[in-house]
Every structure is written in C-alpha cells, then in structure tokens.
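Derivation of every value follows stated rules applied to the coordinates shown; laboratory data play no part. What you are looking at is a predicted structure, and each value in this text was computed from that prediction instead of being measured. Heads up, the Cβs are rebuilt from the backbone with ideal geometry, glycines too, and the neighbour counts pull from every protein chain shown.
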Amino acid sequence: MNSLTNIFQQKKDLLSIFFTAGYPKLNDTTKIIEKLSDNSVDFIEVGLPYSDPLADGPTIQDSSQVALQNGMNLDVVFEQLKSIKETNSTPLVLMGYLNQLLKYGEDKFCQACVDCGIETVIFPDLPMVEYESHYQQLFNKYGLTNVFLITPHTSEERIRKIDALTDAFIYVVASASITGAKGDISNNQIAYFERVKAMNLKSSLIIGFGISDNKTFKTACKYAGGAIIGSAFIKELAINGTDKISDFITSIR
C-alpha cells in the first residue's frame, strides 16, 4: 500500500508543502525536507526545476530558473533525495514534466525514484491516453503511483475516469490558471469544490493552486482531505531562506 494511502486513512486536514529542489541554494533540498518533516508537514511535494514549467506561475518559474542556475539537475536531486532516504519518514511526491522523464530515460527515472523512496509522481502534462497506453504499465512495474489533476473545467466523466485510475490522491486545482496566490477563495471555487465533493469519489482529494495562508488552507480542508501550499512557501524561502520554515508552518496551521 502506498504510504500516502495510510496517511489519508488516519488523518484529516493534511498539509502538504511544495518547493523547488535546489532553491534557494543548491544544497537546501535536504535541509528543507528535514525542517518540513520536523514541523509535521504530512507530505512534501518536491518540484523538479524545469526551463518551461507550463503549469507554474512567476514565483515557481523564478525558483526553477534559480535552481537551474545553481546547478540543479536530475542526477543531483536524485542523489540528494537518496542521501536522506533512511532518515526521512515523511512521504515525498515528485513533481515534474514529461519531457524530463523522456530525456532522462523512462526506466532510469523510475528506478531512481525507487532508489530514493519515492512512491508517487505528478506530471501535469501527461495525457491520460498516454498514461493508459504506456505509463500505467511502466509505473506499475516500479511500484509508482501517478497523480492526475482536475480543474473547474474538467467534466464529470473525466473526473470519474481519473478516480478509477487513481491509487494515491486526486489533485484538485483550485482555479483554471497557473499556480500562485490569488487572495481569498471565491464563491465560484467553493461551488466547484462542493460539486467534486458531492461526487463521492473513492479517491482522496487534495486542493492546490492559490492556497497561501491559514484562511485559505482551512477553507480548502472543508471540501477535501487537505491542501498543498507552493508559491507562498517559495516566497517565504526567497525572503528568509530556510531560517523561518517553522514559523511559516505554524502560521498555516
């Protein structure tokens, strides 16, 4: 059983934090994971810096550019994650783009995930037809689970198909736009959350994109198993580095 499944079964109001590997400094990756784990973050989404992150807003795009300039690449991030495999008990989710997987080599990438203790991956640009025809079998071979994203424009038919294919959780994108804080959660977003919740899906739901503070986190948790905070945390790292991570997590919860 995927370790995330156990967490979803045992806890509510899960808090996940996204950050870009190699940001703000190349060797901050493991330090950030350790501090997030020490502050009881439920699972951590590690972003693989990429030159063309289509789903990400300016904040995460900038962090990717800095990480790449710092010298981050897939070999480095896999070595960093492997170095803390034996001491880290917080599930890690790897988020990247399909071109990174293809360039690195599909089997090589999947084996590297296994070597790091990664069980769950997110590729926002992975078409479902490609997943069903090829990647589902590939990921199953290595014991990896894939996370699909849904938006306010995703049809009920597609949501139910995603639910049937899901072994980890469904990523509920709070708005049909790129990542980044957008203020309070709107009535239209709440109606969307309510619509998805009322579908009584078998899969756990996690809301992301635009979750940035205690208010938006608590609101999201009313309609899902928890929420992911990304851009707001990247901004925190830009201001204070890794020194104030504990204060940031306390402010969310």
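From its DSSP helices (H runs of at least four residues, each -39,500 (n - 2.57)), the chain gives a residue-normalised ellipticity at 222 nm of -13000 deg cm²/dmol. For the pair Arg253 and Lys31, the difference between a 0.36 nm per residue extended length and the Cα-Cα distance amounts to 77.8 nm. Among the trypsin sites (Lys or Arg not before Pro) in the range 1-41, those placed in a DSSP loop whose Cβ has at most 12 other Cβ atoms within 10 Å are Lys11, Lys12. Each of Phe78, Gly96, Pro127 was scored by the projection of its Cα onto the charge dipole of the range 62-147, and the greatest displacement toward the positive side belongs to Phe78; charges sit on the C-beta of Lys, Arg, Asp and Glu.
One compactness figure for the chain is 0.93, namely its Cα radius of gyration divided by 2.2 N^0.38 Å.
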